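The values are calculated or read from the model by the stated rules, or taken from the named source; none is laboratory data. Small disclaimer: the values here were computed from a predicted structure and weren't measured. Cβ sites come from the backbone with ideal geometry, for glycine too, and all protein chains shown count toward neighbours. Accessible surface areas use protein heavy atoms only, side chains included; no ligands, DNA or RNA. Shrake-Rupley method; radii C 1.70, N 1.55, O 1.52, S 1.80 Å.
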Amino acid sequence: MPPFAQLRAAFIGALNMDQIVRVPQLPRPGETVLGGDLLRAPGGKGSNQAVAAAGLGASVAMIGRVGRDAFGRELSRSLRSVGISTRWVRACERPTGTALIFVDQRGENAIAVSPGANEQLLPEDMPRRAIAATDVLVAALEVPLASIEEAFRVARAAGVRTVLNAAPAQALPGWMLELCDVVICNETELATLVGRVVPLGSEVEAARSLRGFAEQVMVVTLGERGALAVSHDAVVEQPPFAVRVVDTVGAGDAFVAGFVVGRWFDAGIGPALRWGCAAGGLATTRPGAQPSMPGLGQLEALLNSG
Ligand code: RIB
């Protein structure tokens, strides 16, 4: 790996305490299924991405909200323990966000989130000076869109790169997409963004239809089919890495961090996609979201393996 200036990245998004149960199959409406022991672990898309980026060598600040409760203190402590600045993680009167997660035998999951304090992250909470002083600003959608908009406008004015992970699926106004240098979504989120079913194999065309300006890059993660990116002059595809899948929780978040840090290491979209797929793949090999985020050494080993 060539020497590089450390990437400074700020992440806006949710901090959740994940409550995870392994089940033989995901429960259907009205069904009760018996599962394994409860695993409680730090999660939330924004903070998962922050932890993954820190693990890959970036200097990271988190922007978010927790409650004045035990979960809130634990989540903040956990971020600090991996070197992430929590200066912009403020406490409020709502309970800390919680996610109830089922994981089946194939590692697939179903998640219900109680956003709680995450909904209290307001536009006026955005640390304008800190945002303007970073290299890249990354946001995911479990916090109010108005706050992301405010932060992205500040970033844009300061020449800071903006990356939006359009997760969980939510229709977005055109002006929001215009504020993003990179949009990362999965197949479900892509369909929501374009407002129609996207047949298998039509992802490039759908992603292309969303692109608003020449430099914008649309990235689509395709699960077992890897990922693709569409820019003004190229379509890049990356097959998945072969790993033994245990639990897919947080894999999308690891992809986002891998893509962002990989892009910094090497300006090309192809290498960034490789980093994203490698990080996402590795995150599926262990249970939980933040406990499963790979380190740089592990990622480099996978990248060099094939
Ligand atoms: O992307 C996985 C995350 O989604 C979980 O950690 C959970 O908290 C939900 O936000």
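Tabulated values for the structure
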read-out: Filtered residue count, region 60-83, keeping only those that are closer than 24 Å to GLU124 by Cα and of a type in the set (Ser, Thr, Tyr); value: 1
read-out: Residues (small (Gly, Ala, Ser) and closer than 12 Å to VAL160 by Cβ) located in region 114-138; value: ALA130, ALA132, ALA133
read-out: Hits in region 142-188 - residues which are touching a residue at least 40 places away in the same chain (Cβ under 8 Å) and open to solvent by less than 40 Å² (accessible area, probe 1.4 Å); value: GLU142, VAL143, SER147, ILE148, ALA151, VAL163, ASN165, ALA167, VAL182, ILE184
read-out: Residue list for region 236-266, restricted to those being under 21 Å from ALA207 (Cα atoms) and in a loop (DSSP other than H, G, I, E, B); value: PRO239, PRO240
read-out: Strands (runs of 3 or more DSSP E) contained entirely in region 162-233, each with at least 3 residues that are among the β-branched types (Val, Ile, Thr); value: 182-186, 217-221
read-out: Among the residues listed as ALA58, ALA52, the single one being surrounded by 23 or more Cβ atoms within 10 Å (Cβ to Cβ), closer than 21 Å to GLY280 by Cα and away from the ligand (no atom under 16 Å from the Cβ); value: ALA58
read-out: Neighbours by Cβ (under 7 Å, 6+ apart or cross-chain): first from region 8-19, over 12 Å from SER114 (Cβ atoms); second open to solvent by 10 Å² or more (accessible area, probe 1.4 Å) and of a type outside the set (A, V, I, L, M, F, W, C); value: ARG8/SER59; ARG8/THR134; ARG8/ASP135; ALA9/THR134; ALA9/ASP135; ALA10/THR134; GLY13/LYS45; GLY13/GLU142
read-out: Residues satisfying the stated conditions in region 8-26, i.e. in contact with a strand residue (DSSP E or B) (Cβ under 7 Å, 6 or more places away or on another chain) and either away from the ligand (no atom under 16 Å from the Cβ) or at pLDDT below 95 (or both); value: ARG8, ALA9, ALA10, VAL23
read-out: Pair list, Cβ < 6 Å and 6+ apart or interchain, from region 92-105 residues that are charged (D, E, K, R) to residues that are within 14 Å of the ligand (Cβ to nearest atom); value: ARG94/GLY116; ARG94/ALA117
read-out: Residues that are of a type in the set (Gly, Ala, Ser), within 14 Å of the ligand (Cβ to nearest atom) and open to solvent by 10 Å² or more (accessible area, probe 1.4 Å), drawn from region 61-80; value: SER78
read-out: Residues within region 99-138 that are hydrophobic (A, V, I, L, M, F, W, C), assigned to a strand (DSSP E or B) and within 16 Å of the ligand (Cβ to nearest atom), tallied; value: 10
read-out: Scope region 224-271; condition of a type in the set (Ser, Thr, Tyr) and over 25 Å from ALA139 (Cβ atoms); matching residues; value: none
read-out: Residue count for region 221-259, restricted to those that are β-branched (Val, Ile, Thr), open to solvent by less than 10 Å² (accessible area, probe 1.4 Å) and within 16 Å of the ligand (Cβ to nearest atom); value: 2
read-out: All positions within region 81-98 that are in contact with a Ser or Thr (Cβ under 7 Å, 6 or more places away or on another chain) and within 12 Å of the ligand (Cβ to nearest atom); value: GLY97, THR98
read-out: Exclusive hit being touching a residue at least 12 places away in the same chain (Cβ under 8 Å), open to solvent by 10 Å² or more (accessible area, probe 1.4 Å) and away from the ligand (no atom under 16 Å from the Cβ), set LEU296, LEU282; value: LEU296
read-out: Residues (assigned to a loop (DSSP other than H, G, I, E, B) and small (Gly, Ala, Ser)) located in region 52-98; value: GLY57, ALA58, GLY83
